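A short worksheet on the structure shown next.
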Amino acid sequence: MLRTKFFAVLLILWPVFSFAQLTPLNFVYTGSGGQTDALKFTYEGGFFKKHGIDATMIYVVSGVTTAQAVTAGSAPVATTTGTDALRALAAGAPFKIIMVNIDRFQHIFVARQGINGPKDMKGKKIAVSRYGAFSDVQTRFLVRQWGMDPDKDVHILQIGNSAARAAAMASGGVDGGIVSPSFIPSAKKAGLNVIFDLSTIPGKFANQIAVADERFIREKPGTVKAVVAGFLDGIKHFRTNAEAGRAYLKKSYGISESEAESIYAETRKFIRPDPTPDLDGIQNAWDAIPELKARGAVDLSKFIEGRFVAEVLRETK
């Protein structure tokens, strides 16, 4: 009888015991689509808790402020853009790149009606989130690819995230801009034209990454590893369970089944199952920032901590 009561009490208290074992952690993120969709799918699916992490997700408006949040100690772990993180690292930010979740350009350049190709953008207004942010770096890189000078041949304006840029184009405030693939259905509904797919640009590029505070890595490596394990678990389920992935996107964006299928296919194409940080993609991102490239040869390996991904992948094979 006593033993039965003991197990009854244990069953009642088990959720409390399980919760007590979770490690609370602030996780900063920005943007939408791609890495962010995979991250939110991971969080909402309980994959961080599965690995012992009680994550509090904190949204900020850009990759620049994400890097600032980690540097200021607001959160020990974050997802951000490669170029924003590299600028911060070059300025002495105390964090390391622990994952490169997307190592290619993935955004789309859209423009208002009447603009049908890159040549039509000369003299036009182009929206970016903010000067120096990844959307700005990509835009300037792309304008140069089109044979124009981003400082002379177009007018680049700070507007905000993908949603704000798409709205500005739809209203006629600007003529074109880069948006994430998740905004393509909305852009097309607004009558915008897709005039360039940045994923057609060849080569690796550390596009969307995860970083962790250096001190946190030294003092709590097990927690960092658990965060990586949870994220990789979520990515795996997103990539291998199309039905769950589409359902999440449909609910998250309030879109149709066909639109969710389109975004899911794009996200699955770009999000890496093996997000090991590699020097080639990081070097290309560094070289895309003129003021960093001008520094000459820099040992970028000092900014990377790839052991957590390697350990988790090895243990889950």
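Read-outs throughout are calculated quantities, based only on the coordinates presented, and are distinct from any laboratory measurement. What you see is a predicted model; the values in this text were computed from it and never measured. Here the Cβ is made from the backbone with ideal geometry for all residues, glycine too, and neighbour counts use every protein chain on show.
Tabulated results
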{"item": "Mean-position separation - Cα centroids, the range 87-115 and the range 50-78, in angstrom", "result": "16 Å"}
{"item": "Span-like helix ranges in the chain, DSSP H, alpha carbon extent 15 angstrom or more, Kyte mean at least -1.0", "result": "2-20, 134-145, 221-240, 242-253"}
{"item": "Of the chymotrypsin sites (Phe, Trp or Tyr not before Pro) in the range 261-292, those whose Cβ has at most 13 other Cβ within 10 Å and which sit in DSSP loop", "result": "none"}
{"item": "Contour excess over end-to-end distance, with Cα ends at LYS236 and LYS317 and 0.36 nm allotted per residue", "result": "27.9 nm"}
{"item": "Listed peptides 121-134, 97-110 by packing density, highest first (mean Cβ within 10 Å)", "result": "97-110, 121-134"}
{"item": "The chain - convex hull of alpha carbons, volume per residue in Å³", "result": "146 Å³"}
{"item": "Charge-dipole axis of the range 174-301 as Lys and Arg at +1 and Asp and Glu at -1 on Cβ define it, positive-most pick from PRO202, VAL298, PRO181", "result": "PRO181"}
{"item": "Three-way shape label, the range 178-286, alpha-carbon gyration tensor, a/c 1.5", "result": "oblate"}
{"item": "Hypothetical label at ASP197: residues of the range 158-189 whose amide nitrogen lies under 19 Å (7 Å Cα-Cβ projection)", "result": "177-189"}
{"item": "Gyration tensor (alpha-carbon) shape descriptor, the range 108-200, a/c threshold 1.5", "result": "rounded"}
{"item": "Mean Cα-pair separation over length for the chain, i.e. relative contact order, pairs under 8 Å, 6 or more apart, %", "result": "26 percent"}
